[in-house]
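Here, each number is a calculation from the coordinates, and none is a lab measurement. Predicted model, so just to flag it, every value in this text is computed and none were measured. Quick reminder, even Gly has a Cβ in these numbers, built from the backbone with ideal geometry, and neighbours come from all protein chains shown.
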Amino acid sequence: MIVSPSILSADFSKLGEEIRAVVKAGADWIHIDVMDGHFVPNITIGPCVVKSIRRYASIPFDVHLMISEPEKHFMEFVKAGADYITVHAEASHSLWRLLEEIGEHCKAGVAVNPATPLSSVEHLMDKLDILLIMTVEPGFGGQKFIEEMLGKIEEAKKMIDGRDIYLAVDGGVNAENIKHLRERGVDVVVAGSYIFKSERYEEAIQKLKEG
Ligand code: DX5
Ligand code: ZN
């Protein structure tokens, strides 16, 4: 299991140190939640922050764009040092072209909100490096995992059908529900509050890795 701690729940006043701490604790990727106050109600960080924290870790930066018109902005995140860029199926009217463009510069992912059917992305499968299933409504850390998404995760695994695509899950992941994700063949888990609100990052990350 690839564990991608979401820095949304980190202490922003010492972001660099927090990143070093999760890297030391065994994080595989760093998940960066970009929110614009439009696609989602919250506003978080932009490319200048991504650029400034890049030097704190050499592991992949997994940038999750929860923004409207991602086609206008993704390139700034490429330049800031993103290794993976995931955009929302609901945020773009030209996903096909957008994923092609992202794929020319880094790894490309698509995310689907809880109410968005997988059929909206099934024709894009050959363009993807990541298929990200949202198990909360995007916008905030610390929300409860939506159990009903387990069926969708199974469906997503079938849709990937052996392709070289990571099946990723984001939202409310913790030591209790991790076993359900492992059983369903999830490759990547994003976890924010479970890791950053724990006393010992290493123990929390290890629990997710082992299921
Ligand atoms: C939600 C974000 C998630 C969030 C996860 O909009 O995309 O990455 O930070 O946080 P937890 O693990 O606390 O649900
Ligand atoms: Zn996220």
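Less than 12 Å apart at the alpha-carbon level, and either on another chain or at least 8 residues along: which aspartates and glutamates does that give for residue 209?
Straight-distance partners of residue 209: 28, 187.
Need the list of aspartates and glutamates near residue 79 for cross-linking: C-alpha distance under 20 angstrom, and skip anything on the same chain fewer than eight residues off.
33, 36, 62, 69, 71, 100, 101, 104, 129
Can you work out ³J(HN,Hα) from phi for every residue in the range 78-89, in order, using Karplus 6.51 cos²θ - 1.76 cosθ + 1.60 and θ = phi - 60°, giving whole Hz and x for Gly and Pro?
So the Karplus estimates, Gly and Pro as x, are 4, 5, 6, x, 5, 9, 10, 10, 10, 10, 8, 4 Hz.
How many angstrom lie between the C-alpha centres of the range 144-203 and the range 82-125?
Rounded to whole Å, the Cα centres lie 19 Å apart.
Run the numbers on the chain and let me know its relative contact order in percent, using alpha-carbon pairs under 8 Å that are six or more apart.
Working: 423 pairs, mean separation 47.0, N = 211.
Reported as a whole number, the value is 22 percent.
Where does each of 159, 134, 149 land when they are ranked from fewest to most other beta-carbon atoms within 10 angstrom? Intermediate values should be presented prior to the final figure.
Values: 159 16, 134 24, 149 21.
Result, fewest neighbours first: 159, 149, 134.
Per DSSP H run of at least 4 residues, take -39500 (n - 2.57); add these up for the chain, divide by its residues and hand me the 222 nm value, nearest 500 deg cm²/dmol.
The helix contribution divided over the chain gives -9000 deg cm²/dmol.
Listed highest first by mean packing, meaning other Cβ atoms within 10 Å per residue, what order do 84-91, 169-176 come in? Write out the running numbers ahead of the final one.
Details: 84-91: 23.4, 169-176: 21.1.
Put in order of decreasing packing, that is 84-91, 169-176.
Quickly rank 186-192, 77-83, 162-168 as a protection proxy: mean count of other C-beta atoms within 10 Å, highest first.
Numbers: 186-192: 23.9, 77-83: 19.1, 162-168: 16.0.
In decreasing order of mean packing, 186-192, 77-83, 162-168 become 186-192, 77-83, 162-168.
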